[in-house]
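Taking it in order: structure first as structure tokens, then the write-up.
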Amino acid sequence: MAKWKSVALRFATNRTLIVLIAAILGLLLTFNIASNVEDNQFKQRALAVAESVAAIPQVAIYVEEKGHSSELQALANKVATQTGARYIVIADSNGIRLTHPNPALVGLRIDGPLLALQGKSYTTVNSGSLGRSANGKTPIFNASGKIIGLVSAGFLASSFTGETSYLRQAFLLYGIGLIILGFFLAEFLARRLRNRKIEAELQSIRTKYQEREAMLHAIKEGVITLTPHNRIVLINDEAKRLLQLDESAIGNSIESLIPHGRLLDLLEGEVHEDDDGLVLNESFSLRVNRRSVKLLGKDIGAVITVRDRTEHIGLMRELDSIKNLTNALRAQQHEYSNRMHTLTGLLELQRYEEASQYLGEISHVDANLAETLRDKLDDPTITALLLAKVSIAREKGVKLDISPLTSIGDLAIDQNAKITVVGNLIDNAIEATAGMQSAQVNVIFDQVRHNEKRIQVQDNGPGLPEPYPQVVFEDGFSTKSLQANSHRGLGLAIVSRLVKQAAGVVECRNDDGAIFTVVLPVNA
């Protein structure tokens, strides 16, 4: 109740100030307009007096003949008395005063530029020797039309401001009356409309709140609003599901609810993506977008949208598997084309023995490897993938050595996931060693326990970042250059997630290169 009274008092004070300021500004504007009107009126009167004096024939004769200062002064005094002008100054063509109310200034030149001697009549309000005055200046012409001098007539400011002082007093009284009337009218209308306004505002707030709640929880995307200090103000159902939070999250900081990692960095705005960041947590693949919210140039918080991209990542993973197989087959086709060209050349040169020997060597090598992989691995798809990877590695100058010591057909992981795990590990090893002298990649499939099997990929490349090589499993980490429309830093993160989802273990370490070890359970 006290708070409401305080608010009501502030409203009443503000209304009073608004009415008071408006009235004061109105009075100032009125006084200014009245003052300008007075100035203009008296400037025109001064110019009219000056033109009347300049039009008197006797004045032109006295100025042209010179030596008639006393006659001119008497004439000027007479006209000034009749018109109420404070002064009438007559000067010759050099600007030398011939008449002036102050005899000491007679014979001295008028200060400032004298446009009247150029044939122009004009008015001014300035501070002269007798004080601030409105004056008009006009040239004096002789009978032949030549400029022989000027006349300056003026009215002192004190003479015309006094005439309108009653207007100022009236305006002031009216202004005070308007202030009082405006205050009472404003207070009356405010009291009358207050209850209706409050009721309407409460209904509007209630309706907007209901609409916001309905819209917020119907949105398919997760939405979170934060304060400038990253405290949760609002969170909808989808955001709670994707981030595995509950209603108690409201009011807490993001940092206290989300584990440290790239997801937290994206939510707090520490990572600035061009559009939005793709991040993997334990259960979902998330597309996170954060936008700051400013009001009147002031930061009032941020809005975060979180979208479920688990299915999208799954499709992307399947596409990567197909692309791996396609690239592998392309490499094989390219290699076989080269071999056929070599064999055709030997036959055209009639080098039949060399052709037969070459054909025996390549068929023996490939047949032995294919037969070994097929018998040992018991997985045709992985066998085809590995044969193709051998061709790809050979193209890049890398020796890929595969040791199939156990079958992998019974691993507790689906076929696409298996292709992703094996393909990604081998591709990373080949890319790490490509272009090196004596580049070597070793792949081992063996059994570590009766219910677990191991896939190990080792290369002799530059190795993993120290002192924490496991950082390579964090989504977004990559040592490769970022290319347009590519998702760098997700390959090993996806491998880690797939292995963990299958209740397996993935590790990495350095030993004259990088070693990745994946241990997966077998199907019961």
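General remarks:
- The numbered conditions (1) part of a strand (DSSP E or B); (2) within 26 Å of Ala524 (Cβ to Cβ); (3) among the β-branched types (Val, Ile, Thr) are all true for Val443 except (2).
- The condition of being assigned by TED's automatic domain parsing to the domain that holds Ile322, in a helix (DSSP H, G or I) and surrounded by 15 or more Cβ atoms within 10 Å (Cβ to Cβ) holds for Leu385.
- Residues located in the stretch 105-145, provided they are assigned to a loop (DSSP other than H, G, I, E, B), free of Cβ contacts under 8 Å to residues at least 40 places away in the same chain and touching a helix residue (DSSP H, G or I) at 6+ places or on another chain (Cβ under 9 Å): Val106, Gly107, Ser129
- Residues satisfying the stated conditions in the stretch 489-512, i.e. part of a loop (DSSP other than H, G, I, E, B) and surrounded by 21 or more Cβ atoms within 10 Å (Cβ to Cβ): Leu490, Gly504
- In the stretch 378-395, residue farthest from Ile455 (Cα to Cα) [restricted to those that are of a type outside the set (A, V, I, L, M, F, W, C) and touching a strand residue (DSSP E or B) at 6+ places or on another chain (Cβ under 8 Å)]: Arg394
- Residue satisfying all of: in the stretch 244-256; surrounded by 12 or more Cβ atoms within 10 Å (Cβ to Cβ) and at pLDDT below 85; nearest to the chain's Cα centre (by Cα) among these: Ile254
- Restricting the stretch 475-524 to residues that are modelled with pLDDT of 75 or more and among the charged types (D, E, K, R), the residue that is nearest to Leu425 (Cα to Cα) is Glu507.
- Contact map, the stretch 62-82: first residue in the same structural domain as Ile140 (by TED's automatic domain parsing), second residue at pLDDT below 80, Cβ cut-off under 9 Å, separation 6 or more or different chains; pairs are Tyr62/His68; Tyr62/Ser69.
- When residues of the stretch 55-95 are limited to those that are touching a Phe, Trp or Tyr at 6+ places or on another chain (Cβ under 6 Å) and not in a loop (DSSP other than H, G, I, E, B), the one surrounded by the fewest Cβ atoms within 10 Å (Cβ to Cβ): Glu71
- Close Cβ contacts (under 6 Å, 6 or more residues apart or on different chains) running from residues in the stretch 435-461 that are surrounded by 21 or more Cβ atoms within 10 Å (Cβ to Cβ) to residues that are charged (D, E, K, R) and part of a strand (DSSP E or B) comprise Val441/Asp459.
- The residue that is nearest to the chain's Cα centre (by Cα), among those in the stretch 82-132 that are hydrophobic (A, V, I, L, M, F, W, C) and under 13 Å from Ala46 (Cα atoms), is Val125.
- Filtered residue count, the stretch 65-79, keeping only those that are within 23 Å of Lys146 (Cα to Cα) and of a type in the set (Lys, Arg): 1
- Any hit, the stretch 156-165, residues being outside any helix (DSSP H, G or I) and at pLDDT 70 or above: yes
The values are calculated or read from the model by the stated rules, or taken from the named source; none is laboratory data. None of these values were measured; they are calculated from a predicted model. In this analysis, Cβ positions are derived from the backbone assuming ideal geometry, glycine residues included, and neighbour counts consider all displayed protein chains.
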